[in-house]
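The values are calculated or read from the model by the stated rules, or taken from the named source; none is laboratory data. Computed from a predicted structure; not experimentally measured. Virtual Cβ from ideal backbone geometry, glycine too; neighbours counted across all protein chains shown. Accessible surface areas use protein heavy atoms only, side chains included; no ligands, DNA or RNA. Shrake-Rupley method; radii C 1.70, N 1.55, O 1.52, S 1.80 Å.
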Amino acid sequence: MPSTFRIPKAQVTGLYGKVMSAYARRTYGQIPDNAYVLWHHRDVLKAVLRLEQRVAKWRALDPTLKSYAQLASAGVIGCSWCLDFGYFLAHNEGLDLAKVREVPRWRESDVFSPLEREVLEYAEAMSTTPLTVTDEMVARLIDQLGTEAVVELTQMVALENMRSRFNSAAGLQSQGYSDVCELPLAVPSADVMGS
């Protein structure tokens, strides 16, 4: 289903627009729909891009756990664009897609380790309203990952909440990024969808 663009799709123009469009096409194969929305406010667009560049340099948290946490958060919020793009990124990073595809239904799946399950539970707890994070949940993660990695995990989930809520509010839908992946993304579990 194509994006509905609640915020109108802007025409990307000018030198900065050409550079951004060329980079997006080279890196992702197409211009992400959220770039068309953010183009309406270049200062916001530039701030988001700078933030994403800096976040990409963080290394305290295992990249696989980071990917799982972001997908779990996007699944709770219901951002099909973020799930699609996140699955595409996991594919490009060489992660095990048989496991990645199970993130939306991790409770029913038997492919995750106990630590991975705790990370997924934490990401979901941070992404619900109201939050359901507990002291025990955080303490277990600090024991296993260390404080620095838990700070990074927490910020990654918070950032995915920002991305997913922005993209969902803007009416953005899956763009087909994950079509390059061999396996389709699993359907979210009933627990996440509130059924």
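When Ala169, Ala139, Ala98, Ala158 are checked against the criterion of being surrounded by fewer than 17 Cβ atoms within 10 Å (Cβ to Cβ), of a type in the set (Gly, Ala, Ser) and modelled with pLDDT under 95, a single residue qualifies: Ala98. Here Phe85 meets the list (1) outside any loop (DSSP other than H, G, I, E, B); (2) modelled with pLDDT of 95 or more; (3) out of contact with any Pro (no Cβ under 9 Å at 6 or more places or on another chain); (4) closer than 23 Å to Ala170 by Cα almost entirely, failing just condition (3). The residues in the range 1-23 that are in contact (Cβ under 8 Å) with a residue 40 or more places away in the chain, open to solvent by 70 Å² or more (accessible area, probe 1.4 Å) and not hydrophobic (A, V, I, L, M, F, W, C) can be counted, and the count is 3. Within the range 76-99, residues that are at positive phi reach partners that are open to solvent by less than 50 Å² (accessible area, probe 1.4 Å) and at pLDDT 95 or above with beta carbons closer than 8 Å, at six or more positions or on different chains, in the pairs Gly78/Ser164; Gly78/Ser168. Within the range 1-48, the residues that satisfy the criterion of being polar (S, T, N, Q) and in contact with a Gly (Cβ under 9 Å, 6 or more places away or on another chain) are Ser3, Thr4, Gln11, Gln30.
For the range 24-71, the set of residues classified as among the small types (Gly, Ala, Ser), under 18 Å from Val151 (Cβ atoms) and open to solvent by less than 30 Å² (accessible area, probe 1.4 Å) consists of Ser67, Ala69, listed by residue number.
Among the residues of the range 54-63, the one identified as touching a residue at least 40 places away in the same chain (Cβ under 8 Å) and not in a loop (DSSP other than H, G, I, E, B) is Val55.
What pairs can you find where one residue is in the range 116-137 and aromatic (Phe, Trp, Tyr), the other is open to solvent by 20 Å² or more (accessible area, probe 1.4 Å) and not in a helix (DSSP H, G or I), and their Cβ atoms are less than 7 Å apart, with a gap of 6+ or different chains? Close Cβ pairs satisfying both conditions: Tyr122/Val133.
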